Amino acid sequence: MISRSELRRAAELLRRGELVAFPTETVYGLGANALDAAAVARIYQVKGRPSTSPLIVHVDSIEMARRLAAEWPDTAAKLAGLWWPGPLTLVLPKRPIVPDIVTAGLPTVGLRMPAAGLALDLIRMAGTPLAAPSANRFGELSPTTAEHVRRALGDKVAMILDGGPAEVGIESTVVSLAGPKPVLLRPGQVTRQDIESITGPVEVQDRTEGSHPSPGMHPRHYCPHTPLLLLSQGSSLPQEGRGAWLYLSTPRGCHRELAMPRDAAGYARVLYARLHEVDAEGLDWIAVERPPDTVEWAGVLDRLRRAASG
Ligand code: TXA
Ligand code: MG
């Protein structure tokens, strides 16, 4: 449990331009005052993140979101009404008050109201929106516990708030409402169907292809150090070396096997923690049984595909 005084100290550090890692319902974030360009610059530096990759700004209310977005279309109001606070990021035209460094020079800003009580309390206490990417080094596995953050960035942040394991386990769904048609930029727990029930047909950006049409859409992302293979039913495990088999349906008698949850939400919740765990075992490969290619599994499949592209 985090005490009031710890929260107050974290809020004070953020106001002074320091970095604070904090839990959200999706993954842990590396937070800075989104209106302080120098503080935000330190996020890029600490993560080793290219300056072409825009950050998500976390707000405590729709009112705060509207102070940052230049437009608030009906679809934004409806989606926020349904899913905020929650694991959904809306990309909208930005107001000049949002520093260019936050959006990597784009005229749009990604906005999200996180569900976790602690993150909301922190934004409220800091009295300012918080820019926060996942609290990992660029390209590596996202953190779902405070310990993951400590291992990756421990000596580089002013404070790490420990709120226990993240509930959702994979990053928020990102939808752009800034163009003529809504575009799904990153799948997550809020599904394409969920979005389409409000907006009508959305375009889906395929981020697994070589080039990335939008800044920050790097195909190689969320990668363990150990090579990861995504295996369809029927394909065999590598003959060489020692590895781990993360399966849904079929154990194979591999020396290291982990049964993964069979529901998409349960799978997402433990995915990064399991990958962090087996990645630390010095194996030659991690083989993962490919989950079904359905709407509910889209978020998990996206992270696995990209973990496999390293
Ligand atoms: O669940 C989450 O969203 C977590 C927690 C901490 O809230 N944050 C997170 O941030 O995943 P990050 O920086 O790891 O991913 C942000 C992604 C960018 O890579 C980019 O794809 C998209 O959000 N994004 C942010 N702003 C954007 C913009 N203006 N236009 C297009 N995409 C944007
Ligand atoms: Mg990230």
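The values are calculated or read from the model by the stated rules, or taken from the named source; none is laboratory data. Remember, it's a predicted structure, so these values are computed and weren't measured experimentally. Cβ placement follows ideal geometry from the backbone for every residue including glycine, while neighbour counts extend to all protein chains displayed. For accessibility, only protein heavy atoms count, side chains too; no ligands or nucleic acids. Shrake-Rupley method; radii C 1.70, N 1.55, O 1.52, S 1.80 Å.
Worth pointing out:
- Evaluation of Gly210 against (1) within 16 Å of ligand 1 (Cβ to nearest atom); (2) at pLDDT below 60 (one fails), failing number: (1)
- Selection count where residues are touching a helix residue (DSSP H, G or I) at 6+ places or on another chain (Cβ under 7 Å) and over 18 Å from Pro87 (Cβ atoms), scope the stretch 259-274: 1
- Of the criteria (1) more than 16 Å from ligand 2 (Cβ to nearest atom); (2) in contact with a Ser or Thr (Cβ under 6 Å, 6 or more places away or on another chain), which one Met125 fails: (2)
- Residue check, Leu35 away from ligand 1 (no atom under 12 Å from the Cβ), hydrophobic (A, V, I, L, M, F, W, C) and open to solvent by 40 Å² or more (accessible area, probe 1.4 Å): yes
- Among the residues of the stretch 120-150, those identified as in contact with a Leu (Cβ under 9 Å, 6 or more places away or on another chain), small (Gly, Ala, Ser) and near ligand 1 (Cβ under 8 Å from one of its atoms) are Ala132, Ser134, Ala135.
- In the stretch 24-82, residue nearest to Pro201 (Cα to Cα) [restricted to those that are within 16 Å of ligand 2 (Cβ to nearest atom) and aromatic (Phe, Trp, Tyr)]: Tyr28
- Residue count, the stretch 153-173 (criterion: under 22 Å from Asp263 (Cα atoms) and in a strand (DSSP E or B)): 1
- Among the candidates Gly169, Gly179, the residue that is of a type in the set (Gly, Ala, Ser) and open to solvent by less than 20 Å² (accessible area, probe 1.4 Å) is uniquely Gly169.
- Only one of the numbered conditions (1) over 26 Å from Arg137 (Cβ atoms); (2) at pLDDT 95 or above is not met by Leu19, and that is (1).
- The single residue among Leu90, Leu130, Leu111, Leu153 that is open to solvent by less than 30 Å² (accessible area, probe 1.4 Å), in contact (Cβ under 8 Å) with a residue 40 or more places away in the chain, within 16 Å of ligand 2 (Cβ to nearest atom) and within 15 Å of the chain's Cα centre (by Cα) turns out to be Leu130.
- Filtered residues of the stretch 251-280 (kept if part of a loop (DSSP other than H, G, I, E, B) and touching a strand residue (DSSP E or B) at 6+ places or on another chain (Cβ under 7 Å)): Pro251, Arg252, Cys254, Met260
- Of the listed requirements (1) more than 23 Å from Ala77 (Cβ to Cβ); (2) at pLDDT below 95, Ala115 misses just one: (1).
- The stretch 94-105, subset more than 16 Å from ligand 2 (Cβ to nearest atom) and more than 15 Å from Glu71 (Cα to Cα), residue most open to solvent (accessible area, probe 1.4 Å): Asp100
- Subset tally (residues that are more than 28 Å from Arg15 (Cα to Cα), over 17 Å from the mean Cα position of the chain (by Cα) and in contact (Cβ under 8 Å) with a residue 40 or more places away in the chain) for the stretch 156-182: 3
- Among the residues of the stretch 133-150, the ones that are more than 15 Å from ligand 2 (Cβ to nearest atom) and either surrounded by 24 or more Cβ atoms within 10 Å (Cβ to Cβ) or assigned to a loop (DSSP other than H, G, I, E, B) (or both) come to 1 in all.
- Residue among Ala273, Ala307 that alone is in contact with a Cys (Cβ under 6 Å, 6 or more places away or on another chain) and closer than 18 Å to Glu140 by Cβ: Ala307
- Boolean, Thr26 is farther than 19 Å from Leu177 by Cβ and open to solvent by 10 Å² or more (accessible area, probe 1.4 Å): no
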